[in-house]
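K.L.:
There's a structure below that I have some questions on.
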Amino acid sequence: MSRHDQTHSQEPADDGIPDLEHQKKRAKDLFKALRAGNVVERKRLTAVLPKTAHVAAADLKLSDAQQVIGRENGFAGWPQMKSYIDKMAITRQSIANGSLTIPDDDRTLHIRCGTDIRHALQIAGFQGNFHEFSDPFCQGPIPDAPLPVLMQTRADFISAAFGIPPAEAMDRQQRAYAGLMQAGDYARVVLWFEHDSFDQLILAFLLDFFGALHLPARLELICVDKVPGVTDFVGLGQLSPEMLRKLWDNARGQVTDAHYDLGKKVWRAIRASDPAELAAIAKSDTRPVRLMARALERHLAELPAIENDLGLTQKLVLEILDEAGPFPASRVFGRLMRGKEPLPFLGDMMFWHLLDDLANTTVPLIDWARDSGVAWPDRVLTLTDTGKQVLAGQKRFFEFYRGTRWVGGVKITADAPCPHWDATRRKIA
């Protein structure tokens, strides 16, 4: 169940190539405002260029405003942004007329936790094969068990959580894992990942898996959390073909023994019933995959909070309804992904599973027509008085919760002790 192939309720994303004429207009507008003595825009300028703090408005230059625009687009400055735009235009034209060099061949296997970049890679001239591996380890049980047991456990969860027939769920698992076994048939394997917990938990598994296989293939990794020119980067799927070529040329590195060691350590900790080791890893710099630390901490935040037993996503859903509800579920999901969630990782079906589990209570925290014939995105969610009390810490979620959920190897029920997360101290409690 790929997070990347589900609905995300995001605003339309740019593709990594700013429009130069639009940026020029933005710079001119900013320059005019600065010359006019606009206080807000002056703060914007000095935040980027502190040296201009004591420069008179009449002495500011257009280049100062251009530098702000360049920085706000994720570049070192305006010249770097303009150079980037020019290069991307050349790459785009080369792709269009078929003159771009082929970056790989049929001896290359591209692995991604979704199919969102598959077509763009083809447009960009990539010739290698593509394999999707998207077991959503950020939800459901992850047993510390042999691979066949892991596959069956995960298939059972995916079937129950997302309404997929058991045989179909297991068939998907078998094809996904079998594709990894065939990676040894290639000369090069390239992993395409980003920074959220959906991607990073899968990446940890793959590093552990391939480290144990001792692949003859050269293994390479592209793993990013930001892209110059993309002001609201969420994932690789929002990037243009030419931007993917840019990442291929500039963000791709070889997987080393240090990567395999990290994957092995993290994957073991993810499956453990005691999350202490995972918490310790999350506080480290997780070299050589530095982005993993933040994703692991976000994963740990799904443990029950010490103040009210709510996982972070559960808490954020209640907060949205408390602040602005009632809302249809689809709007709650949109607000969660666009504003509340610090590190978006959920797809729409994963969000639906979370809502369904949140309703496993003796007294409802959210009032909604759970068993109606209305499609779940259209069902209106209303926070109940009990939900407000739990959110405020006046009552505890476990007083009412009768379900079972998992955070990696940690089983969470109300009738047995389980680890809690102290968000203030960033530690297990």
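The values are calculated or read from the model by the stated rules, or taken from the named source; none is laboratory data. Predicted model, so just to flag it, every value in this text is computed and none were measured. Using ideal geometry, Cβ is built from the backbone for each residue, glycine included, and neighbour counts are taken over all protein chains shown. Accessible surface is based on the protein model in full, side chains and every heavy atom, while ligands, DNA and RNA are left aside. Shrake-Rupley method; radii C 1.70, N 1.55, O 1.52, S 1.80 Å.
K.L.:
To the nearest 10 square angstrom, what accessible area does Trp192 show with a 1.4 Å probe?
P.N.:
Solvent-accessible area, nearest 10 Å²: 0 Å².
K.L.:
Further question on the same structure: Given charges of +1 on the Cβ of Lys and Arg and -1 on the Cβ of Asp and Glu, with all other atoms neutral, how large is the dipole of segment 19-76 about its Cα centre, in debye to the nearest 20? Kindly include the intermediate steps, with their values, before the conclusion.
P.N.:
Working: 12 positive and 7 negative charges, 23 e Å.
So the dipole magnitude of segment 19-76 works out to roughly 100 debye.
K.L.:
Continuing with the same structure: Looking at the calculated P(r) for segment 157-256, what percent of the C-alpha pair distances fall above 23 Å?
P.N.:
Roughly 41 percent, rounded to a whole number.
K.L.:
Let me ask another. Give the residue from Ala47, Phe75, Gln238 lying farthest towards the positive end of the charge dipole for the chain; charges sit on Cβ (+1 for Lys and Arg, -1 for Asp and Glu) and the dipole is referred to the Cα centre.
P.N.:
Ala47
K.L.:
Let me ask something else. Before I look further, what does segment 339-380 give for accessible area per residue, probe 1.4 Å, in whole square angstrom? Numbers along the way, then the final one.
P.N.:
Working: 1800 Å² over 42 residues.
Normalised by residue count, the accessible surface of segment 339-380 is 43 Å².
K.L.:
Tell me which lysines have Cα within less than 17 Å of Lys51's Cα, excluding those fewer than 8 residues away on the same chain?
P.N.:
Those lysines meeting the cut-off are Lys43, Lys61.
K.L.:
Where does each of His353, His110 land when they are ordered by accessible area, with a 1.4 Å probe and the largest first?
P.N.:
Working: His353 45, His110 5 Å².
Correct descending sequence by accessible area is His353, His110.
K.L.:
Leaving out ligands and nucleic acids, and using a 1.4 Å probe, what accessible area per residue does segment 150-208 come to in Å²?
P.N.:
I get 32 Å² per residue for this part.
K.L.:
While we're looking at this one, here's another question. In the structure displayed, which of Lys32/Lys87; Lys340/Lys427; Lys264/Lys411; Lys32/Lys82; Lys87/Lys226 lie more than 27 Å apart, Cα to Cα? Intermediate results must be reported in sequence, preceding the final value.
P.N.:
Numbers: Lys32/Lys87 29 Å; Lys340/Lys427 22 Å; Lys264/Lys411 22 Å; Lys32/Lys82 21 Å; Lys87/Lys226 19 Å.
Result: Lys32/Lys87 exceed 27 Å.
K.L.:
Here is a follow-up. Roughly how much of Ile428 is accessible, in Å² to the nearest 10, using a 1.4 Å probe?
P.N.:
40 Å²
K.L.:
Right, another one. With a 1.4 Å probe and every protein chain left in place, work out the accessible area per residue of segment 27-128 in Å², rounded to a whole number. Could you put the intermediate results ahead of the total?
P.N.:
On the way: 5470 Å² over 102 residues.
Heavy-atom accessible area per residue stands at 54 Å².
K.L.:
Taking a cut-off of 12 Å between Cα atoms, list the aspartates and glutamates near Lys283, but don't count ones fewer than 8 places away on the same chain.
P.N.:
Counting by Cα, and skipping residues close in sequence, Lys283 has these aspartates and glutamates nearby: Glu297.
K.L.:
Given just the C-alpha atoms of segment 105-159, how large is their convex hull per residue in cubic angstrom? If you can, show how the numbers build up before the last one.
P.N.:
Details: hull volume 5.3 nm³, N = 55.
Dividing the Cα hull volume of segment 105-159 by its residues yields 97 Å³.
K.L.:
Carbon and sulfur atoms: what percent of the 1.4 Å accessible area of the chain do they account for? Numbers along the way, then the final one.
P.N.:
On the way: 9550 of 19150 Å².
Of the solvent-accessible surface of the chain, carbon and sulfur hold 50 percent.
K.L.:
Enter the per residue convex hull volume of segment 353-429, computed from alpha-carbon coordinates, in Å³ rounded to the nearest integer.
P.N.:
Numbers: hull volume 9.4 nm³, N = 77.
Normalising the Cα hull of segment 353-429 by residue number yields 122 Å³.
K.L.:
How large is the helix-only mean residue ellipticity at 222 nm for the chain, computed as the sum of -39500 (n - 2.57) over DSSP H runs with n ≥ 4, divided by its residue count, in deg cm²/dmol to the nearest 500?
P.N.:
On the way: 16 runs with 192 residues, N = 429.
Calculated mean residue ellipticity at 222 nm is -14000 deg cm²/dmol.
K.L.:
Sticking with this one: In whole Å, what is the distance between the alpha-carbon centres of segment 70-96 and segment 25-69?
P.N.:
Result: 22 Å between the Cα centres.
K.L.:
Mind running the shape call on the chain? Use the C-alpha gyration tensor, a ≥ b ≥ c as the square roots of the eigenvalues: rounded below 1.5 for a/c, prolate if a/b tops b/c, oblate otherwise. Numbers along the way, then the final one.
P.N.:
Working: a/c = 1.88, a/b = 1.21, b/c = 1.55.
Here the chain falls in the oblate category.
K.L.:
Another question, then. First check a/c for segment 294-407, with a ≥ b ≥ c the square roots of the eigenvalues of its C-alpha gyration tensor; if it is under 1.5, answer rounded, and if not, answer prolate when a/b is larger than b/c or oblate otherwise.
P.N.:
Rounded.
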